[in-house]
1. In the stretch 24-88, which chymotrypsin sites (Phe, Trp or Tyr not before Pro) fall in coil by DSSP and have 10 or fewer other Cβ atoms within 10 Å?
2. Take every Cα-Cα distance within the stretch 3-135, group them into 5 Å bins from 0 onward, and report for each bin the whole-number percent of pairs it holds.
3. Using only the alpha-carbon atoms of the stretch 49-122, report the extent along each of the three principal axes, biggest first, to the nearest angstrom.
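What follows draws every value from the coordinates through simple rules; no lab data is involved. Predicted, not measured: the structure shown is a model, and the values here were computed from it. Backbone-built Cβ (ideal geometry, glycine too); neighbour counts: all protein chains shown.
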Amino acid sequence: MNLLDFYRQYPDEASCEEALRRFREHHGLSCSQCGGLRLSWNLWHKSWTCMDCKREMQLRSGTVMQGSHLPVRDWFAAMFLLTATKRAISAKEIQRQIGRKRYQPVWEMVHKLRDVMGERDGGYPPLMGTWRLTRASFPRKRPKNRKIAR
Ligand SMILES: [Zn+2]
């Protein structure tokens with residue numbers, strides 16, 4: 001995927017959210033509360049409701065994007081930049097490219113992405129389709145607590 005493909009495939013936030021939703025549903029989404037498989041999508045809340053226990057699940061919950069206030073498209077763009085460039089790209093450069101004023105959220109996003117991408121591939125994937133873009137949306141394992149040497 002090149003830059004033009006990226007713009008075509010993900011022209012706006014809605015197309016990115018839709019891609020994320022489809023990806024999660026395609027990969028066997030289940031209720032985080034009861035494990036139920038009957039989930040109903042609510043476009044206005046951007047969430048699923050479990051038909052069994054009525055729990056609501058947000059689009060981003062359980063993904064690497066959970067808790068972030070950055071648009072899904074920023075995440076997609078960062079994934080694109082991380083995978084499309086042969087050389088390592090800094091968080092500062094990603095911040096510049098996506099046009100965010102604050103560095104901290106971008107830095108956090110890039111670190112989370114590097115974490116999940118490294119975990120899954122042992123390096124950055126060379127190609128990126130929708131699948132590549134959104135695979136980092138899988139829930140990730142929590143790292144074991146490291147003991148602090150004193
Ligand atoms: Zn449920």
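1. W44
2. With a bin width of 5 Å, the distribution comes to 2, 10, 20, 21, 20, 13, 8, 5, 1, 0.
3. 48, 31, 17
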